[in-house]
Amino acid sequence: MVEAVSCEALTMQDRGERPAEALEAAVLVAADLVAGAASVTVLTGAGISTDSGIPDFRGPEGVWTKNPEAEKASDIRYFMADSGVRRARWEVLAHGGMWDGVEPNEGHRALRPLEVGGRLHTLVTQNVDGLHVLAGTDPALVVEVHGTVRRAMCLGCDWRADIDVVLDRVRAGDLDPHCDACGGLLKSATVSFGQGLFEGDMERSLAAARECDVLLAVGSTLGVYPVALMVPEAVDNGAAVVVVNGSPTEMDHLATVNVRGSISEVLPRIVGRPQHVVDESRPTW
Ligand SMILES: [Zn+2]
């Protein structure tokens, strides 16, 4: 376990130092914590995908803020009750180009070195864009707690498939597709409002928070539960918490260090250092 460090960076701005200096100091503290950890659990939210052009849903200029009707498609009750809502949703997915050409950015790629030497315990993401796996992170290490738009599911049985299987049907004129196996409603494999998390995902995420040396929370406001509980879970079990986000989060008070800057700029610096091995018995040549 990593000892919590007292962080100068947290108070630098209070002492009148320039934000750029405070950011620099916070990056160094964070990089040191990550380099000294044998096991790192990562939690990511929407902020890591902003530089990939993923639309913001809830902000002032968000998709749902400007068009509340669009949010209905993400509420399981409307989706199940109204074929018009389902048709509109499939229409957007099949023809709207919402996810076409969306590529991982430097932030997603920055996390890859953690896998060297098996230091990445688990990467938990609140994002449904599938970009961590596209960036090359081992899918076995990724928990997509809110599901993924890259897969389709049946609401009536265990049928699952790549989303393209269903999108091809929609493009061929099957505008409200149902399951061939059971007749149930098909949906992207995302967790909609009113829909429970997928079985086992939250347990696995909390275990990853308990078992790591450092919890690295990136691009999440840490205000969506239950996934935000990973932070107190990590703290209670002696892990250091590094929060990287462009704006304040609801868990800043629990962080060992808060790094407030551009994710795609600071994350490569925080994660890029090789692990420093503390082994005094090793001979020096
Ligand atoms: Zn089915």
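The values are calculated or read from the model by the stated rules, or taken from the named source; none is laboratory data. For clarity, every value in this text was computed on a predicted model and none was experimentally measured. No Cβ is skipped: glycine too gets one built from the backbone with ideal geometry, and neighbour counts run over all protein chains shown.
Is the stretch 129-144 home to any residue that is within 25 Å of the chain's Cα centre (by Cα), within 12 Å of the ligand (Cβ to nearest atom) and closer than 26 Å to R77 by Cβ?
Within the stretch 129-144 (the criterion being within 25 Å of the chain's Cα centre (by Cα), within 12 Å of the ligand (Cβ to nearest atom) and closer than 26 Å to R77 by Cβ), the answer is no, since none of the residues qualifies.
Does V85 count as more than 16 Å from the ligand (Cβ to nearest atom) and closer than 29 Å to A38 by Cβ?
no
Could you tell me whether A255 is within 16 Å of the ligand (Cβ to nearest atom), crowded, with 18+ Cβ neighbours inside 10 Å, without any contact (Cβ under 8 Å) to a residue 60 or more places away in the chain and not charged (D, E, K, R)?
Criteria not met by A255.
State yes or no: is D176 among the charged types (D, E, K, R) and closer than 14 Å to A88 by Cα?
Against the criterion (among the charged types (D, E, K, R) and closer than 14 Å to A88 by Cα), D176 qualifies.
Please verify whether S52 is touching a His at 6+ places or on another chain (Cβ under 8 Å), modelled with pLDDT of 95 or more and buried (at least 16 other Cβ atoms within 10 Å of the Cβ), treating the condition exactly as stated.
No, not satisfied.
Restrict the check to the stretch 237-249 and report whether at least one residue is part of a strand (DSSP E or B), surrounded by 22 or more Cβ atoms within 10 Å (Cβ to Cβ), within 16 Å of the ligand (Cβ to nearest atom) and not aliphatic (A, V, I, L, M).
no
Just name the residue that is nearest to R150 (Cα to Cα) out of those in the stretch 165-183 that are within 14 Å of the ligand (Cβ to nearest atom) and in contact (Cβ under 8 Å) with a residue 24 or more places away in the chain.
V166
Restricting attention to the stretch 137-157, does a residue exist that is farther than 23 Å from V224 by Cβ, of a type outside the set (V, I, T) and buried (at least 16 other Cβ atoms within 10 Å of the Cβ)?
yes
Inside the stretch 150-161, can you point out the residues that are of a type outside the set (F, W, Y) and within 16 Å of the ligand (Cβ to nearest atom)?
R151, A152, M153, C154, L155, G156, C157, D158, R160, A161
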